[in-house]
Amino acid sequence: MMLMGRTRLSRGSALLVLCAVWLLLTAHTVQAQSQPPPPAALPAPTPASIDAGRALFTGDQPFANGGPPCLACHSAATLSFPYGGTVGPDLTHVTAKLGPEGLDYALQTLYFPTMTALFRTRPLTHEEQVDLGAFLQHANDSSTGGALTLEFGIIALVGLLILLVITALAGRGRVHSVRRRRLARPRGSM
């Protein structure tokens, strides 16, 4: 019954509401307990693990199950120029984007459509996952932003200077000969 904005519940309705609240609370607790634990985070990178990850990334050390090197498609800032492939995304800041747990999960599953096809029958070993994770974390922490732009700028400037020298050498006598002919015409016509 409603009296001046207040609702009166019968004992049966109140018991029903309490049971519904209790069921919701226990269902949430059971669901939280039934979820699997998150994957273990990658250990702190060691210099040996970073070097091993760099070798795997570049293909200097082949993967145990024969997968293609990461460098074929991806790039990372700590590698020497030109930093790698351009087909896949730049992996310099992948640790910042995914976090250590997300990176660990990505290396375990390689759930990206292109990578799934490449690594379905050639999964990474646990040690390869740890080493690649260490290398990618190192690349994220010591990113050399802007180095690629500087290198391209220097290459462009050197190329421009070479073209200017070639143009000056090839056309050195041509401009003077044209001027002499034009200056000679008015003198002779007078």
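Quick notes on this one:
- Filtered by the rule that a residue be without any contact (Cβ under 8 Å) to a residue 24 or more places away in the chain and not acidic (D, E), segment 88-106 gives P89, K97, L98, G99, G102, A106.
- Whichever residue in segment 70-123 is of a type in the set (V, I, T) and crowded, with 16+ Cβ neighbours inside 10 Å and, among such residues, is farthest from L136 (Cα to Cα): T78
- Checking T95, T78, T86 one by one, the residue that is under 17 Å from the mean Cα position of the chain (by Cα) and not in a loop (DSSP other than H, G, I, E, B) is T95 and no other.
- All positions within segment 71-128 that are touching a Gly at 6+ places or on another chain (Cβ under 7 Å) and among the aromatic types (F, W, Y): F119
- Which listed residue, of A156, A147, A168, is of a type in the set (A, V, I, L, M, F, W, C), modelled with pLDDT under 90 and under 16 Å from H93 (Cα atoms): A147
The values are calculated or read from the model by the stated rules, or taken from the named source; none is laboratory data. The structure presented is a predicted model; accordingly, all values stated were derived computationally and were not measured. Neighbour counts run over all protein chains shown; Cβ positions are idealised from the backbone, glycine included.
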